[in-house]
Amino acid sequence: MSSSCSRRSSGGGQWYSPYDDRYVTGPRGLDIDYLVPLAEAWDSGASAWTPAERQAYANDLGDDRPLIAVSAASNRSNADQDPTPTGSLRKSAGA
């Protein structure tokens, strides 16, 4: 069975998590998050998109700009907050 997604692995390294302003060593401590959460996109106009447009946004693996690597702990406590200075990311990123 073929897949449109390729599997990628990393032997190690560090990733910066702007949600909590720390470095994460190893991919097991990371989550990939939407920079603009799906709930916020909905509230900001995606509710007017066609079902195909919403599906394309949610499943766009070809464009990594809307995605961000963050610590798993900070992502899971962030829920679906929007990308504003009141959100957890957004203090250190200046968005």
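The values are calculated or read from the model by the stated rules, or taken from the named source; none is laboratory data. Just so we're clear, the structure is a prediction, and the values are computed from it rather than from any experiment. Virtual Cβ from ideal backbone geometry, glycine too; neighbours counted across all protein chains shown. Ligands, DNA and RNA are stripped out before the accessible areas are found, and what is left, the full protein with its side chains, is counted by its heavy atoms. Shrake-Rupley method; radii C 1.70, N 1.55, O 1.52, S 1.80 Å.
Things to note:
- Enumeration of residues in the stretch 1-39 that are modelled with pLDDT under 80 and among the small types (Gly, Ala, Ser): 2, 3, 4, 6, 9, 10, 11, 12
- Residues being outside any helix (DSSP H, G or I) and open to solvent by 60 Å² or more (accessible area, probe 1.4 Å) - total across the stretch 42-59: 4
- Taken as a whole, the structure leaves residue 63 outside the set of residues that are modelled with pLDDT of 60 or more, in contact with a helix residue (DSSP H, G or I) (Cβ under 6 Å, 6 or more places away or on another chain) and loosely packed, with under 15 Cβ neighbours inside 10 Å.
- Subset of the stretch 11-36 [in contact with a Pro (Cβ under 8 Å, 6 or more places away or on another chain) and assigned to a loop (DSSP other than H, G, I, E, B)]: 35, 36
- Close Cβ contacts (under 7 Å, 6 or more residues apart or on different chains) running from residues in the stretch 40-67 that are closer than 24 Å to residue 16 by Cα to residues that are small (Gly, Ala, Ser) and open to solvent by 90 Å² or more (accessible area, probe 1.4 Å) are absent.
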